[in-house]
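The block underneath contains the structure these notes are about, expressed in structure tokens.
The values are calculated or read from the model by the stated rules, or taken from the named source; none is laboratory data. This structure is a prediction, so every number in the text was calculated from the model and none was measured. Because the Cβ atoms are built from the backbone with ideal geometry, glycine has one as well, and the counts that use them run over all protein chains shown.
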Amino acid sequence: MTEKKITIIGAGTGGYVAAIKAAQLGADVTLIEKENIGGTCLNWGCIPTKALVYSAEKYSEMQEARRFGIEVNDVNLNMKRVIRNKDTIVKQLVGGVEFLLDKHNVKVYKGVASLLDQNTVSVKTEDGREIIETDYIILATGSKVKKAPIKGIDMEGILTSRDILDLEELPESLAVIGGGVIGMEFAFIYANFGVDIKVVEYLDDILPGVDQEVTSELGKVAKRAKIDITTGAQVKEVAKTDSGYQVKYLKDEENQTIEVDKVLVATGREPSFGGLDLDKIGVEKENNAIKVDEHLKTSVDNIYAVGDVTGKILLAHVASHQGVVAVENIMGEEKKMDYDAVPAAIFTKPEIATVGLTEEEVKEAGIDYNIGKFPFRANGKVKTMNKRNGFIKIISKKDSGEILGSSIIGVHATDLIHELTLAVNKNMTIEDIIETIHAHPTTSEVIHEAALDSIGGALHYVRLNR
């Protein structure tokens, strides 16, 4: 059988994973990237922000070390070294991906791609132009920062989520426009670094789509961390002053202004088509994203799309899974993409993680349900860590006990969510969790206790307001 030729445009999480998987399945693979291997997630998103999260947490914990019997004097923050550490981690991981691509014999071009037709890709590189004939194309061009319709937002000095990753001098104060995932993660990072943070969110609550009990809990924690959050506020203008910036917004039909040293715009991301003329070859769009079916196939039979450009769920792990599913379909396996059990991880302090349905969604669907909850402060290991904020919430069907979703806010939440993700994915029940022994002392015991609570019997906590 003739070896299938697959050309992938975009080497972010979806693109490079698709390339490796395709090579493993025996395809002749070409990967094209105009910037850095690893895309936004590895270079300017998931990984570098987590490096900053860890530095910020360590700095904050050092100042509270006396609680653990450790006396630390003269704790200082060196932002240049923080940024250097972040850059080192990114460089190592990018190098690791490049090594994997090389070992799988993936041909990598650094350049700008254009589509001549559905089987021909042109790549403009530093050395000239290459023409690639291919059987299949996978579009993995990712996403870009969403521009907000705010006067003055494009002026020099206004930070995006990419710019702030290289900020070597801390401002005394920072306004964050947008209280979604990106905005709230940076709010907690820089609050832990000692910056005065003011968040301005257009909607009536932060973290839209997250369980309302969780966002309420995070709001309380933010207040204790001296993060000032204003919701239901429409930012109208950002203006430069002698000492910094003014952020002007409308709240309850009144004009208000805050003054800060720096402004971060974190109003979300949207699909990016990489400058490709998709209409030319008949690739259809829907809601400003590439339209794909459950197999990740576009309206053109031999062209697939994966990752943020599909507009489904803009998460790196969704992109990589889409990449695998698309390649398996190209290589003759019948696979469908399922979005029902996608975990989400938010690296605030404490962390937040979710999977499946929220309580609000279950109510809206008219499902008869049970709630199991357990507070982190009642967990033995959590007490030893002195990280007692938060709780776990498990939602299940009242009649069958089938687990529909879970929300966690607390230490290790982003690691704990995967047991619940497996439960949702495999239609497991509350009884399945209860009958599974959880090691002690671990934070994972909160899952077992919440499952017990859903049938009225947590062992290490009594919930009075059932």
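The table below gives the values:
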{"quantity": "Test: residue in segment 435-445 that is of a type in the set (A, V, I, L, M, F, W, C) and part of a loop (DSSP other than H, G, I, E, B)", "calculated": "yes"}
{"quantity": "Condition met for V145 (out of contact with any helix residue (DSSP H, G or I) (no Cβ under 6 Å at 6 or more places or on another chain), farther than 29 Å from G323 by Cα and crowded, with 18+ Cβ neighbours inside 10 Å)", "calculated": "no"}
{"quantity": "All positions within segment 131-156 that are among the polar types (S, T, N, Q) and either modelled with pLDDT under 90 or part of a loop (DSSP other than H, G, I, E, B) (or both)", "calculated": "T134, T141"}
{"quantity": "Close pairs from segment 57-71: first in contact (Cβ under 8 Å) with a residue 40 or more places away in the chain and within 12 Å of G194 (Cα to Cα), partner in a loop (DSSP other than H, G, I, E, B) and not aliphatic (A, V, I, L, M), Cβ under 7 Å, at least 6 apart", "calculated": "E57/K349; Y59/F193"}
{"quantity": "Exclusive hit being touching a residue at least 40 places away in the same chain (Cβ under 8 Å), more than 16 Å from Y59 (Cβ to Cβ) and in contact with a Phe, Trp or Tyr (Cβ under 6 Å, 6 or more places away or on another chain), set V181, V200", "calculated": "V200"}
{"quantity": "Qualifying position, being over 30 Å from V121 (Cβ atoms) and without any contact (Cβ under 8 Å) to a residue 24 or more places away in the chain, among G232, G219", "calculated": "G219"}
{"quantity": "Members of segment 226-243 that are at pLDDT below 95 and of a type in the set (G, A, S)", "calculated": "S243"}
{"quantity": "Selection count, segment 247-306, where residues are farther than 15 Å from G10 by Cβ and of a type outside the set (D, E, K, R)", "calculated": "22"}
{"quantity": "Hey, T298 of a type outside the set (A, V, I, L, M), farther than 20 Å from S114 by Cβ and touching a residue at least 12 places away in the same chain (Cβ under 8 Å) or not", "calculated": "no"}
{"quantity": "Among the residues listed as V318, V342, the single one being of a type outside the set (D, E, K, R), at pLDDT 95 or above and either more than 22 Å from G45 (Cβ to Cβ) or assigned to a loop (DSSP other than H, G, I, E, B) (or both)", "calculated": "V342"}
{"quantity": "Residue within segment 165-185 that is in contact with a Ser or Thr (Cβ under 7 Å, 6 or more places away or on another chain) and at pLDDT below 95 present", "calculated": "no"}
{"quantity": "Segment 398-415: number of residues that are among the β-branched types (V, I, T), assigned to a strand (DSSP E or B) and more than 15 Å from F374 (Cα to Cα)", "calculated": "1"}
{"quantity": "Number of positions in segment 278-315 that are part of a loop (DSSP other than H, G, I, E, B), of a type in the set (V, I, T) and closer than 23 Å to Q24 by Cβ", "calculated": "2"}
{"quantity": "Any hit, segment 378-396, residues being without any contact (Cβ under 8 Å) to a residue 40 or more places away in the chain, more than 23 Å from the chain's Cα centre (by Cα) and at positive phi", "calculated": "no"}
{"quantity": "Hits in segment 278-291 (condition: in contact (Cβ under 8 Å) with a residue 24 or more places away in the chain and either within 21 Å of Y339 (Cα to Cα) or surrounded by 18 or more Cβ atoms within 10 Å (Cβ to Cβ) (or both))", "calculated": "L278, I281, V283, E286, N287, I290"}
{"quantity": "Cross-chain or 6+ apart pairs with Cβ under 8 Å, segment 7-25 first and within 25 Å of L116 (Cα to Cα), then part of a strand (DSSP E or B) and at pLDDT below 95", "calculated": "none"}
